[in-house]
Amino acid sequence: MKQQVKKAVLAYSGGLGTSIIIPWLKENYGCEVIAVVADVGQDEEVHKLEDKALRSGASKVYIDDLRREFVTGYLWPLLKSGAVYEGAYLLGSSIARPLIAKRQIEIAIQEGADALAHGCPAVGNDQVRFERAYSAFAPQLKIIAPWREWSIRSRYEALSYAREHRIQVTAADESTYSHDSNLWHMSYEGGNAGRFDGSTSEGFFRTHD
């Protein structure tokens, strides 16, 4: 077991990655896990995620409707700035991350947690977005990034871990394609190599609407 943590607050999406992170945190850090679901307009039915997180081992689940704050505090300034990456990408995922991290930090402080966790891949910018916010607003809290620590390296291995721990696996989890959506846009990721690390190589691609 790694250095013990009393209580970790996880940014939880309900997907395969964050679902297996809950028992992994408990096994490897010996900690209580609180899941935080941020409703920023994703197309999933977020109210159903509480039961899934609890069955995965979370001690408590917060589901917060952040849509109004997302629009007024984040999307409207983004729209006024005209920010579009490489002339096409609408920055929908990246603009949501600081808000999700902000609420996660608020709950961690409220709950007396000593760690923050996320399910971002070990490559790419998402881990930076979350962790810069963590470091800026709660530098006293430990940051746990399972994708940089565990031995799971493919979707197949993640599915195997989920089944071993009796975590519900959905058709979306079985697929090699996934998406991230909110009020502003939808991003897609997929491939045929069975990888699950966020890589854009070995058959993986990303696109957007």
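Please treat every number below as a calculation from the coordinates, not as lab data. Everything numeric here is computed off the predicted structure, so don't read it as measured data. Cβ: placed from backbone, ideal geometry, glycine included. Neighbour counts: every protein chain shown.
The charge dipole of the range 87-175, taken about the Cα centre with unit charges on the Cβ atoms of Lys, Arg (+1) and Asp, Glu (-1), comes to about 180 debye, rounded to the nearest 20. Helix-derived [θ] at 222 nm for the chain: sum -39500 (n - 2.57) over DSSP H runs of at least 4, divide by residue count, nearest 500? Calculated mean residue ellipticity at 222 nm is -10500 deg cm²/dmol.
Think of the range 1-57 as a dipole: +1 on every Lys or Arg Cβ, -1 on every Asp or Glu Cβ, centred on the Cα centre; then among 24, 56, 37, 24 lies furthest on the positive end. What separates the Cα centres of the range 80-98 and the range 1-73 is a distance of 25 Å.
Of the cross-linked pairs 52/142; 60/80; 7/52; 80/142; 48/80, those separated by over 28 Å at the C-alpha level are 60/80; 80/142; 48/80.
When P(r) over Cα pairs in 10 Å bins from 0, in percent is computed from the coordinates, the matching label among (i) 8, 29, 33, 22, 7, 0; (ii) 9, 36, 36, 17, 3, 0; (iii) 8, 35, 39, 16, 1 is (iii).
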